[in-house]
Amino acid sequence: MNIGIVASTLVGGMVLFAIVSLNIRVSQHAGENTLYHTAKINTDMLAEVITFDLNHAGYGYSGTDAPVITANDSTFAYNTSDQETDIEKVMSWYYDSGQLSRVDAGDDVVMSSNIIDFRFTYYDLSGIMMSTPVTGSDLEDIRQIKVSLISESVAKYGNKTKAPSSAWESTFTPRNLNN
């Protein structure tokens with residue numbers, strides 16, 4: 001038996017094994033990256049809609065009560081006006097059992113089913129955090145709304161125990177709540 005042929009076969013086998021291992025790791029990374037970007041796109045889409053809606057809290061509202069109707073950790077409901085028709089309506093966002101929903105003039109739409117954490121935090125004119133739920137005349141004192149959410153991908157990759165996730169947080173100061 002030729003020792004050169006055996007050595008070449010062993011070296012070739014090790015090189016082949018290294019290439020296959022590298023290919024597996026690259027594929028795993030690409031799969032995980034795809035799932036992360038799916039969660040990130042979901043979070044970005046939610047952030048865009050939430051930003052638009054919350055910045056219009058109280059817009060065009062002509063009632064005598066506070067424009068805010070409900071304010072707790074998982075629900076924010078408020079009076080506003082349709083941008084095109086100027087018809088007053090009630091808007092709300094609420095989080096329940098991993099689902100984030102938006103209600104626009106009675107139409108309830110699940111915006112995402114992959115939310116693992118979501119919360120509203122409210123601040124008064126002095127920037128002091130208000131205890132929740134905010135009720136009664138304290139609803140008139142809300143000047144800022146902070147939204148925090150963590151969205152995860154719909155699937156886990158391989159034998160991972162946790163799906164990739166994406167977080168977003170923003171504080172809003174709707175001009176129409178500052179009257």
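The values are calculated or read from the model by the stated rules, or taken from the named source; none is laboratory data. Quick caveat, the model's predicted, so the values are computed rather than measured. Ideal geometry is used to build each Cβ from the backbone, glycine not excepted, and the neighbour counts take in all protein chains shown. SASA here: full protein model, heavy atoms, side chains in, ligands and nucleic acids out. Shrake-Rupley method; radii C 1.70, N 1.55, O 1.52, S 1.80 Å.
If you go through region 133-153 one residue at a time, do you hit one that is of a type in the set (D, E, K, R), open to solvent by less than 60 Å² (accessible area, probe 1.4 Å) and out of contact with any Lys or Arg (no Cβ under 9 Å at 6 or more places or on another chain)?
Yes; the residues of region 133-153 include at least one that is of a type in the set (D, E, K, R), open to solvent by less than 60 Å² (accessible area, probe 1.4 Å) and out of contact with any Lys or Arg (no Cβ under 9 Å at 6 or more places or on another chain).
Asp96 passes all but one of (1) open to solvent by 70 Å² or more (accessible area, probe 1.4 Å); (2) under 17 Å from Gln144 (Cα atoms); which number fails?
Every condition holds for Asp96 apart from (2).
Conditions: (1) open to solvent by 30 Å² or more (accessible area, probe 1.4 Å); (2) within 18 Å of Tyr122 (Cα to Cα); (3) touching a Pro at 6+ places or on another chain (Cβ under 9 Å). Leu54 meets all but one. Number of the miss?
So Leu54 meets the others, but not (1).
May I ask you to say which residue of Val26, Val49 is among the aliphatic types (A, V, I, L, M), closer than 27 Å to Ile150 by Cα and in contact (Cβ under 8 Å) with a residue 40 or more places away in the chain?
It is Val49.
For region 111-131, indicate whether the set of residues that are hydroxyl-bearing (Ser, Thr, Tyr), at pLDDT below 95 and closer than 17 Å to Thr173 by Cα is non-empty.
yes
Which residues, counting only those in region 30-48, are closer than 18 Å to Val103 by Cα and surrounded by 15 or more Cβ atoms within 10 Å (Cβ to Cβ)?
Across region 30-48, the qualifying residues are Leu46, Ala47.
When the residues of region 154-179 are filtered to those that are buried (at least 17 other Cβ atoms within 10 Å of the Cβ) and assigned to a loop (DSSP other than H, G, I, E, B), which remaining residue is modelled with the highest pLDDT?
Among them, the one singled out is Pro174.
Can you go through Thr34, Thr38, Thr51 and tell me which one is part of a helix (DSSP H, G or I) and modelled with pLDDT of 85 or more?
Within the list Thr34, Thr38, Thr51, the selection yields Thr51.
Would you check if Asp82 is surrounded by fewer than 16 Cβ atoms within 10 Å (Cβ to Cβ), free of Cβ contacts under 8 Å to residues at least 24 places away in the same chain and among the acidic types (Asp, Glu)?
Here the answer is yes, as Asp82 does meet what is asked.
Considering only region 101-122, I want to know if a residue exists there that is open to solvent by 40 Å² or more (accessible area, probe 1.4 Å), aliphatic (A, V, I, L, M), over 24 Å from Ile41 (Cα atoms) and in a strand (DSSP E or B).
Taking every residue of region 101-122 in turn, none turns out to be open to solvent by 40 Å² or more (accessible area, probe 1.4 Å), aliphatic (A, V, I, L, M), over 24 Å from Ile41 (Cα atoms) and in a strand (DSSP E or B).
Is it the case that region 60-67 has a residue that's crowded, with 19+ Cβ neighbours inside 10 Å and not in a loop (DSSP other than H, G, I, E, B)?
Looking through region 60-67, none of the residues is crowded, with 19+ Cβ neighbours inside 10 Å and not in a loop (DSSP other than H, G, I, E, B).
When you look at Tyr78, is it closer than 17 Å to Gly106 by Cα, not acidic (Asp, Glu) and not in a helix (DSSP H, G or I), yes or no?
Against the criterion (closer than 17 Å to Gly106 by Cα, not acidic (Asp, Glu) and not in a helix (DSSP H, G or I)), Tyr78 qualifies.
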